[in-house]
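Quick notes on the structure that follows.
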Amino acid sequence: MPTIAIVGAGPQLGLAIARTFGSRGHDVALISRNPAKLDDLAAKLGADGVTAAAFAADVLDRDALAEALRRAAAHFGGIDVLEYSPVGGIDSTTLTTPSVTEPAHVQHEMEFQLYGAIAATQAVLPAMRKAGAGTLLYTTGAGSIDPVPQVGNVNAAAAALRNWAINLHKELTGSGIQAAHVGIDVSIGMSVIPGFPTAQPEEISPVYWELHTTDRDKAERVFSR
């Protein structure tokens, strides 16, 4: 069975992506820092008939993240798809506008978004290269494309991840490995900003399946209303 590893697996988009791939014959490796939440997600997927297993790791601990992905690959016999979409909590994310942003404000977001993505990719890409097949998908908010002053530091790091992911797509052209960025230009589930469009995670998750299957030539998809 092919396997998707979802890094930053959460109860909204992460679970929807897991269900989208799981319903189409993929096993699911769930990776994030909260073991209890991971076990709950794995149980929900199991109830849907999807084979899933949890591997706890904080994306800020790059060695632990790489080890979790190695354990997932050993457990399932390999990782065919990597999806990276960690979400910062209110307790760990300080939002700053560009004019008041200090280097430390961006550094934390770079560790969380770009450096974590690089570490996760390095853990799975060698096996994909050997197989001549694989999919690498990276998620940000659409502020990586059209930044918003209120979240200037987060957007800066997201833009770095987007740049790197699109460049990775260019590098891997012809290798059999797809790399792509997904920009989400909606609030997921419910709106936190009055008037901002919303979408349910189940509406967004098919984009990931399409990049894995029919849109393998595309370096980016943006979901918007």
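The values are calculated or read from the model by the stated rules, or taken from the named source; none is laboratory data. What you see is a predicted model; the values in this text were computed from it and never measured. Heads up, the Cβs are rebuilt from the backbone with ideal geometry, glycines too, and the neighbour counts pull from every protein chain shown. Quick note on the areas: whole protein, heavy atoms, side chains included, nothing else; ligands and nucleic acids left out. Shrake-Rupley method; radii C 1.70, N 1.55, O 1.52, S 1.80 Å.
Tabulated data for the structure shown
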| quantity | calculated |
| --- | --- |
| Residue match in segment 5-23 (condition: of a type in the set (S, T, N, Q), open to solvent by less than 20 Å² (accessible area, probe 1.4 Å) and assigned to a helix (DSSP H, G or I)) | yes |
| Residue tally, condition touching a Gly at 6+ places or on another chain (Cβ under 8 Å) and open to solvent by 70 Å² or more (accessible area, probe 1.4 Å), over segment 38-48 | 1 |
| Contacts under 7 angstrom Cβ, first residue in segment 47-60 being under 15 Å from residue 85 (Cα atoms) and of a type in the set (Asp, Glu), partner in a loop (DSSP other than H, G, I, E, B) and open to solvent by 50 Å² or more (accessible area, probe 1.4 Å), 6 or more apart | 58/33 |
| Residue within segment 95-117 that is within 20 Å of residue 21 (Cα to Cα) and buried (at least 19 other Cβ atoms within 10 Å of the Cβ) present | no |
| Which numbered condition residue 204 fails, given (1) open to solvent by less than 50 Å² (accessible area, probe 1.4 Å); (2) modelled with pLDDT of 95 or more; (3) over 16 Å from residue 13 (Cα atoms); (4) among the aliphatic types (A, V, I, L, M) | (3) |
| Only listed residue being surrounded by fewer than 20 Cβ atoms within 10 Å (Cβ to Cβ), farther than 24 Å from residue 78 by Cα, of a type in the set (Gly, Ala, Ser) and modelled with pLDDT of 95 or more, chosen from 156, 199, 160 | 160 |
| Qualifying residue in segment 191-212 (condition: among the charged types (D, E, K, R), in a loop (DSSP other than H, G, I, E, B) and closer than 28 Å to residue 128 by Cβ) | no |
| Some residue of segment 173-185 being open to solvent by 40 Å² or more (accessible area, probe 1.4 Å), part of a helix (DSSP H, G or I) and not aliphatic (A, V, I, L, M) | no |
| Close pairs (6 angstrom Cβ cut-off, 6 or more residues apart or separate chains): closer than 22 Å to residue 66 by Cα in segment 2-23, acidic (Asp, Glu) anywhere | 2/80; 3/27; 3/80; 6/83; 17/83 |
| Hits in segment 114-141 (condition: of a type in the set (S, T, N, Q) and within 14 Å of residue 83 (Cβ to Cβ)) | 121, 135, 139, 140 |
